[in-house]
Amino acid sequence: MASVFSQTDPIADAEALIASGRAREAVEQLRARLSAGRGGLLARMTLVKALLAAGDGNEALAEAREASSLNPGIGVAALLLGEALLAQGALPAAIAELQRAQRLDPALDRARLLAGQAWLEAGEAAKALEIFESLEPHPSFRG
């Protein structure tokens, strides 16, 4: 029987599937890995990305909650939950999780960027602007 697991890098394989529009396949592969006890936070994070790309926000949110509860002191786990909440339009909860991610890991620029986006969507332009101004310019944004 052929293995569903890559002998190379299963996370990279799943990300390639997501990038090529085959997120559903990535979900199946990642769930199989996790069910077999062969995956941790990185596999769960990639699963949430795949679920969001497949348009399954409720499942993505459930997986992100699981990842966060299994890894309560890890900033990227809080970031993951904040992203899933933001994707579902749960702005107050998303902002709280993104702020928690920043407290756990102040170097998480993505958490600050998404918090600014969430504040903007919540109609709090001044708070969003304050966050956006605190971000270092990304090299790809330079002219």
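For the residues Ile95, Ile74, a 1.4 Å probe over the protein chains yields an accessible-area ranking, largest first, of Ile74, Ile95.
In this simple spin-label approximation, Leu129 and Arg24 carry label points 7 Å from Cα along the Cα→Cβ vector, and these lie 4.5 nm apart. Say the dipole of the chain comes from +1 at the beta carbon of Lys and Arg and -1 at that of Asp and Glu; which of Leu114, Thr46, Ser20 then lies farthest toward its positive end? Of the candidates, Thr46 comes out farthest on the positive side.
The average projected area of segment 1-81, computed from the convex hull of its Cα atoms over all directions, is 5.3 nm².
With θ taken as phi - 60° and the Karplus curve 6.51 cos²θ - 1.76 cosθ + 1.60 applied, the whole-hertz 3J(HN,Hα) list for segment 69-76 is 5, 6, 9, x, x, 9, x, 5 Hz, x standing for glycine and proline.
Computed from the coordinates I sent, mean projected area of the Cα convex hull in nm² equals one of (i) 12.0; (ii) 9.0; (iii) 10.0. Tell me the label. So the structure-derived entry is (iii).
Phi angles of segment 102-116 translate, via the Karplus equation with coefficients 6.51, -1.76, 1.60 and θ = phi - 60°, into HN-Hα couplings of 5, 5, 5, 9, x, 7, 7, 4, 4, 5, 5, 4, 5, 5, x Hz per residue; Gly and Pro are given as x.
The values are calculated or read from the model by the stated rules, or taken from the named source; none is laboratory data. None of these values were measured; they are calculated from a predicted model. Reconstructed Cβ throughout: ideal geometry from the backbone, glycine too, with neighbour counts over all protein chains shown. For the accessible areas, the whole protein counts, side chains as well, though only heavy atoms, and no ligand, DNA or RNA atoms are used. Shrake-Rupley method; radii C 1.70, N 1.55, O 1.52, S 1.80 Å.
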